[in-house]
Amino acid sequence: MPDAGLEEMTAAQWDQIEALLRRRDLSPRLRERLEMVKGRALGQDLPSIARWSGRTARTVERWLRRFAQGGVAALADAPRAGRPPHADALYRAALERAVETPPPSVGLPFDVWTSARLSAYLAETTGVRIAPGWVRVLLRRRDFACGRPKHTLTHLQDPAEGAACKIELAAVGGKGGDGAGEVRVALSG
């Protein structure tokens, strides 16, 4: 098999590979390809690189050839097909501003944001429509807590009446009214 031109690796290329391999944020696929190149530069043959990488010798040779022709940049993944993400930096900033703003202050008739409401509001204000499920993913990535609101009716209760009810319950023994000890029979009919 051809040597894929790795005998001509420069000191600058070697330093670049070493620096990249020390990075923690390197994608696993690129790390594997860089390890293949490094192994070959250290004198390992294609079958042994294929053995420890779990790839075929043909695949190893293809990546070595690509490195020889284009350097480290040629080892990166090609762009994937499909719709590009629309949640760019401007959208994420608008999402953060919306989450930190109470809905009534922007003229909305509700008190709590939901992912569906955020999605609709941001589609209206930014022109970019992202599904509510993806809005939740974006919020989780930014460490916002997502959950259901806990609704209570305490704000509708009269404190004086509540205190009177507690006194009355204490007077009857906390059972809830007259006849608390009676047995009730359901009548059929």
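The values are calculated or read from the model by the stated rules, or taken from the named source; none is laboratory data. Only a predicted model underlies this, so the values are computations on that prediction, with no experimental measurement involved. Here Cβ is always computed from backbone atoms with ideal geometry, including for glycine, and neighbour counts include all displayed protein chains.
Taking the criterion of being loosely packed, with under 13 Cβ neighbours inside 10 Å and either at pLDDT 90 or above or part of a helix (DSSP H, G or I) (or both), the residues of segment 1-22 that qualify are GLU7, GLU8, ALA11, ALA12, ASP15, GLU18, ALA19, ARG22.
Taking the criterion of being small (Gly, Ala, Ser), in a loop (DSSP other than H, G, I, E, B) and farther than 13 Å from VAL99 by Cβ, the residues of segment 110-146 that qualify are GLY127, ALA131. Report whether or not THR114 is surrounded by fewer than 12 Cβ atoms within 10 Å (Cβ to Cβ) and of a type in the set (S, T, N, Q). Taking the combined requirement at face value, the residue does not satisfy it.
A Cβ distance below 7 Å, combined with a sequence gap of six or more or placement on separate chains, defines the contacts here; from segment 159-172, residues that are without any contact (Cβ under 8 Å) to a residue 40 or more places away in the chain and of a type in the set (Phe, Trp, Tyr) reach no residue that is in a helix (DSSP H, G or I) and surrounded by 11 or more Cβ atoms within 10 Å (Cβ to Cβ).
Residues that are in a loop (DSSP other than H, G, I, E, B) and modelled with pLDDT of 90 or more were ranked within segment 25-49; the one that is surrounded by the most Cβ atoms within 10 Å (Cβ to Cβ) is GLN44. Taking segment 77-96 on its own, how many of its residues are outside any loop (DSSP other than H, G, I, E, B) and loosely packed, with under 12 Cβ neighbours inside 10 Å? Of the residues in segment 77-96, 3 are outside any loop (DSSP other than H, G, I, E, B) and loosely packed, with under 12 Cβ neighbours inside 10 Å.
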